[in-house]
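Presented below is the structure to which this report refers.
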Amino acid sequence: MEQTVQKALNLLEALVRSGQPRRLTELARELGLTKPNVYRLLSTLTVLGYVKKDPLNSLYSPTLKMWEMGSMLVRDVDLVSVASPRLRRLCAEARESVQLVVFDSGFAVYVDKVDSAQALKAITSIGSRVPASATSTGKAMLAWLPAASLDEAFQHVKRFTPLTLMTRREIENDLEETRQRGYAVNRGEFRLGVCGIAVPVRDRTQGVVASIGVWGAEKNILGSRRDELAHMTMSAARDVSRELGFVESQPAPAPRRGALVDA
């Protein structure tokens, strides 16, 4: 299997480097492989969308899928580099831990974080994935993403605590409240006693590309500082969004005063 993967990658690199469509026989000769072997590899890469074959002359060339994947990586790197200073500042202001999260196939994926000096230690690490509907950062994205994203997220619903939202209606009601107040709340749905407040991040396309959240002990996050933390997080998300090219058409909704009654 390892050798097959290596051969497929070598083949793909040869196609990309050549800068022009190639014949199967040419590729076999260049790579020192048999024609049947190269044909099987090209067929697999074609099915996966990395290679296309011209039916008129049987020439093979790479598709833009490699470029698309590379662009996604660059996007995420840019997001992290832009957001990182603002995350550190938010952590210092809030005196709570901060996370930067992206949405992927129904999951909230942690791409950056800053831990506070609070005794409560991190329960996630960079690169870890959590069902999006169970976290404030995930819900902050789901509330403004297309309905198909919620369909994906609902496939991964899992009970973590007695407070985890388990039905479609519960989740949809929570997301509607999130849109009304302008930020998402985790009331202990992933870990009992651990709560969070999160706000979406947008880019130049006006779409949601990530979320920023503060998290910590319930009494710290959803206690007397809840409105203050919500304002801080909204400000941080707004700053990062602007650096990513987002142009705000109207003022973002302010957190409702006395919002603890709907927690």
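The values are calculated or read from the model by the stated rules, or taken from the named source; none is laboratory data. Predicted model only: the values in this text are computed from it and were never measured. Note that we place each Cβ from the backbone using ideal geometry, even for glycine, and neighbour counts take in every protein chain shown. For accessibility, only protein heavy atoms count, side chains too; no ligands or nucleic acids. Shrake-Rupley method; radii C 1.70, N 1.55, O 1.52, S 1.80 Å.
Among the residues in segment 200-207, are any under 23 Å from residue 228 (Cα atoms), in a loop (DSSP other than H, G, I, E, B) and open to solvent by 70 Å² or more (accessible area, probe 1.4 Å)?
No.
Against the condition surrounded by 12 or more Cβ atoms within 10 Å (Cβ to Cβ), of a type in the set (A, V, I, L, M, F, W, C), modelled with pLDDT under 95 and touching a helix residue (DSSP H, G or I) at 6+ places or on another chain (Cβ under 9 Å), how does residue 111 come out, does it pass?
So residue 111 passes the test.
If a residue must be under 13 Å from the mean Cα position of the chain (by Cα) and under 11 Å from residue 213 (Cα atoms), how many such residues does segment 87-111 contain?
Residues in segment 87-111 being under 13 Å from the mean Cα position of the chain (by Cα) and under 11 Å from residue 213 (Cα atoms): 4 in total.
Find the residue count for segment 34-45, including only residues that are of a type outside the set (Val, Ile, Thr) and crowded, with 17+ Cβ neighbours inside 10 Å.
3
Which of the residues that make up segment 209-223 are out of contact with any Ser or Thr (no Cβ under 7 Å at 6 or more places or on another chain), within 16 Å of residue 118 (Cβ to Cβ) and open to solvent by 10 Å² or more (accessible area, probe 1.4 Å)?
Those that are out of contact with any Ser or Thr (no Cβ under 7 Å at 6 or more places or on another chain), within 16 Å of residue 118 (Cβ to Cβ) and open to solvent by 10 Å² or more (accessible area, probe 1.4 Å): 217, 218, 219, 220, 222, 223.
Run down 130, 109, 114, 157 and say which single residue is among the hydrophobic types (A, V, I, L, M, F, W, C) and closer than 16 Å to residue 194 by Cβ.
Answer to the selection: 130.
Determine whether segment 148-161 contains at least one residue that is among the hydroxyl-bearing types (Ser, Thr, Tyr) and closer than 18 Å to residue 111 by Cβ.
Checked against the condition, which is being among the hydroxyl-bearing types (Ser, Thr, Tyr) and closer than 18 Å to residue 111 by Cβ, segment 148-161 yields at least one hit.
Just the residues that are part of a helix (DSSP H, G or I), more than 15 Å from residue 58 (Cβ to Cβ) and of a type in the set (S, T, N, Q), please, taken from segment 1-45.
3, 4, 6, 10, 18, 37, 44
Report yes if residue 187 is among the basic types (Lys, Arg), part of a strand (DSSP E or B), open to solvent by 10 Å² or more (accessible area, probe 1.4 Å) and modelled with pLDDT of 95 or more, otherwise no.
yes
Out of (1) open to solvent by less than 60 Å² (accessible area, probe 1.4 Å); (2) under 30 Å from residue 165 (Cα atoms); (3) at pLDDT below 95; (4) not basic (Lys, Arg), the odd one out for residue 58 is which?
The single condition residue 58 does not satisfy is (2).
When residues of segment 85-108 are filtered for being more than 18 Å from residue 227 (Cα to Cα), small (Gly, Ala, Ser) and buried (at least 19 other Cβ atoms within 10 Å of the Cβ), how many remain?
Summing the residues that are more than 18 Å from residue 227 (Cα to Cα), small (Gly, Ala, Ser) and buried (at least 19 other Cβ atoms within 10 Å of the Cβ) in segment 85-108 gives 2.
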